[in-house]
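Okay, structure first, notes after.
The values are calculated or read from the model by the stated rules, or taken from the named source; none is laboratory data. Because the structure is predicted, anything quoted here is derived from the model rather than measured. Virtual Cβ from ideal backbone geometry, glycine too; neighbours counted across all protein chains shown. Surface areas here come from the heavy atoms of the whole protein model, side chains and all, with no ligands, DNA or RNA. Shrake-Rupley method; radii C 1.70, N 1.55, O 1.52, S 1.80 Å.
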Amino acid sequence: MNSLRTNRLLDTSFKYVGIFATLFGLVMLAIFIFNILGDGISRIDWDFLTSLPSRRSSKAGILTAWTGTAWIMMLTALIAIPLGISAGIYLQEYGKKNRLAAIVEVNISNLAGVPSIIYGLLGLEIFVRTLNMGSSLLAGACTLSLLILPVIIVATREALKAVPNSLREASYGMGATKWQTIWYQILPAASGGIITGVILALSRAVGETAPLIVIGALAYVPFVAQSPLDEFTVLPMQIFNWVSRPQKGFLENGAAAIIVLLAITFCMNGIAIYFRNRWQKKINW
Amino acid sequence: MKLIEADDVNVYYGDNHVLKDISLSIKENTVTAFIGPSGCGKSTFLRTLNRMNDYIDTFRLEGKIEIDGKNIYGKKVKVEELRQKVGMVFQKPNPFPKSIFENVAYGLKIQGSNDKDLIADRVEKSLKQAALWGEVKDILNKSALSLSGGQQQRLCIARTLAVKPSIILMDEPASALDPISTAKIEELIFELKTKYTIVIVTHNMQQAARISERTAFFYLGNLVEYDKTSEIFTNPKHKQTENYITGRFG
Ligand SMILES: Nc1ncnc2c1ncn2[C@@H]1O[C@H](COP(=O)(O)OP(=O)(O)O)[C@@H](O)[C@H]1O
Ligand SMILES: [Mg+2]
């Protein structure tokens, strides 16, 4: 057998392996969603979204959970976005490209892969105990900010790196300072990539449970948080709480809450994909 | 009057010695062409005149370059002010991905001007000077990227003119354009030279002969010959120059 035929055979078989792998993922996801929808969709109504948790499954709702998630998202965004983008800009545009920078770069990428529970332990030590925030929304948001900072930093750097050098030269050539060039030209050109990264990072934060359990978020919170220093719960914790109970009614509630959580993450990812596509079209000048 | 004066300029990229003892002076309101085979250092030398090489980590310059009698590599020089005075047009048109108006207004904006009338006025004048006004006056708010390559390049020239430079550096400004657009750019250079000092790198011998008063021939980092354009093309003093302009290498 000659190598051309071997190659072609390899090519074809790889194609089928690829198709199979893709289909496998899609089918599993479809089965999962189908199941969940079957279990929970009938439970979703206005009351479910606006009721406090309760011992009786038919009266329980996810008001505290989704408002907690909304709070956490907002606070995390407020903390992580400015920090992450500034750090990305600094590292990419200002930082010297030396050995130290290379080490920092590798480590930031590594940080993005650290198990989230480790961030929970860090948050417990620093925010809950040392800084005395208690198991509050603020402590939760700070912890999740640490978790997603590396993702935002890396996304920002990638987006800045993708801006063609000709744009920088055009701006410098007009007598712009470095900061003016970054502010008026580079950031707007990179904004699509940065926004995509930020949304994906936040959507990851929305689904995180482990670090919040570690810092002491409660599964049962009978009131809606009024300030960042209040205790809280979030959707994934509420889900965890419900699905670990034996009663069928709570399992249904869990499935319904999963649908809400999935809807939120799908929406966020959808928005991220929209920005990425628009940006990719724009960046080809 | 001498406007640009380079004295024994040596440039290195790391260990690579790319410009060797370059000395030349350029008079006000003239067009000077830099010619020579690829890689001989034309762009590098052009970019030393507005310090665009500063961003390359390995770049190192020795010697002196004076513009208007001031050493532009001196300690007190503000590069931003230098570049307002010494504008640049690049090889590939590189308009900002913004509206046509914003492209031309950018230079004033970064200087802190917010007088709307003045900006609008300057945008119109600059576009007229760059022979582009007629084509874009009704679409000033459209993206600059929707223009053709030739129009984009004239927009880049207009953008440069808007900050009233005295010198305009052009690095093969027409090499990415079709013949008609090229002719328009050349015409434009012809008109601009009454008010501006233009230094242009070109690969095109005819172009150099048509538009420039003086021509500098670079070869392997040396300035081999620098003279009136007519001299260079009809009566070159050096064998290398003759070989190059007659197309025997390049
Ligand atoms: N950014 C850079 N870093 C290192 N070497 C460079 C850089 N730019 C140009 N050079 C080198 O400098 C020499 C002159 O290049 P250049 O000025 O671009 O020549 P030309 O414009 O005449 O074609 C070439 O040998 C090129 O490889
Ligand atoms: Mg060149």
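Structural remarks
- Failed item in (1) closer than 24 Å to A:A170 by Cα; (2) open to solvent by 30 Å² or more (accessible area, probe 1.4 Å); (3) more than 10 Å from ligand 1 (Cβ to nearest atom); (4) out of contact with any Pro (no Cβ under 8 Å at 6 or more places or on another chain), with B:I67 passing the rest: (2)
- Some residue of the range A:118-125 being surrounded by fewer than 20 Cβ atoms within 10 Å (Cβ to Cβ), assigned to a helix (DSSP H, G or I) and in contact (Cβ under 8 Å) with a residue 40 or more places away in the chain: yes
- Here the condition is being without any contact (Cβ under 8 Å) to a residue 12 or more places away in the chain and more than 16 Å from ligand 2 (Cβ to nearest atom); of B:K85, B:K20, B:K27, B:K70, it holds for B:K70 alone.
- When the range B:178-208 is filtered for residues that are surrounded by fewer than 19 Cβ atoms within 10 Å (Cβ to Cβ), part of a loop (DSSP other than H, G, I, E, B) and more than 16 Å from ligand 2 (Cβ to nearest atom), the ones remaining, listed by number, are B:D178, B:K193, B:T194, B:K195.
- Residues of the range B:12-38 that are open to solvent by less than 70 Å² (accessible area, probe 1.4 Å), more than 15 Å from ligand 1 (Cβ to nearest atom) and outside any strand (DSSP E or B): B:N29, B:T30.
- Per this entry, A:L78 is counted among residues that are surrounded by 13 or more Cβ atoms within 10 Å (Cβ to Cβ) and closer than 26 Å to A:L187 by Cα.
- Subset of the range B:30-46 [in contact with a Phe, Trp or Tyr (Cβ under 9 Å, 6 or more places away or on another chain) and within 13 Å of ligand 2 (Cβ to nearest atom)]: B:F34, B:I35, B:G36, B:P37, B:C40, B:G41, B:K42, B:S43, B:T44, B:F45, B:L46
- Among the conditions (1) surrounded by fewer than 20 Cβ atoms within 10 Å (Cβ to Cβ); (2) within 14 Å of chain A (Cβ to nearest Cβ), the only one that B:K128 does not satisfy is (2).
- Residue count for the range B:209-219 under the criterion of being surrounded by fewer than 21 Cβ atoms within 10 Å (Cβ to Cβ) and among the aromatic types (F, W, Y): the result is 1.
- Residue within the range B:154-163 that is part of a helix (DSSP H, G or I), within 18 Å of A:L167 (Cα to Cα) and more than 14 Å from chain A (Cβ to nearest Cβ) present: yes
- Members of the range B:209-220 found to be part of a loop (DSSP other than H, G, I, E, B) and closer than 14 Å to B:T241 by Cα, listed by number: B:L220
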